[in-house]
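In what follows, a structure is listed as structure tokens, so that the remarks can point back to it.
The values are calculated or read from the model by the stated rules, or taken from the named source; none is laboratory data. Since this is a predicted model, take the numbers as computed values, not measurements. Ideal geometry is used to build each Cβ from the backbone, glycine not excepted, and the neighbour counts take in all protein chains shown.
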Amino acid sequence: MEENHMDNNAVAQSVISNEVEITGTIKGSGSLRIDGKLEGELHCTGDAVIGKSAQIKGNIVVSSACIEARSTAISPPRTASR
């Protein structure tokens, strides 16, 4: 069992467990860990951890990402068109 240790100044981490499936857009200001399924987009001003059991079909826009899952396609960030 993994333990989640945080100091008193750390921002709480949101978790999408492996029993959860989401279709749509997730927006957040803190850090996020995804172990479940996401079909859609993730926009997070914090960091993201994509767990080993995660399945994501869509775009991820985060400050930084740690990807533990096997990836089939990762694209670099795109800039907005003018």
For G40, which of the numbered conditions (1) modelled with pLDDT of 90 or more; (2) on the phi < 0 side of the Ramachandran plot fails to hold?
(2)
Pair list, Cβ under 6 Å, 6 or more apart: the stretch 54-82 residue more than 20 Å from E19 (Cα to Cα) and part of a loop (DSSP other than H, G, I, E, B), other residue among the acidic types (D, E) and modelled with pLDDT of 65 or more:
S63/D47
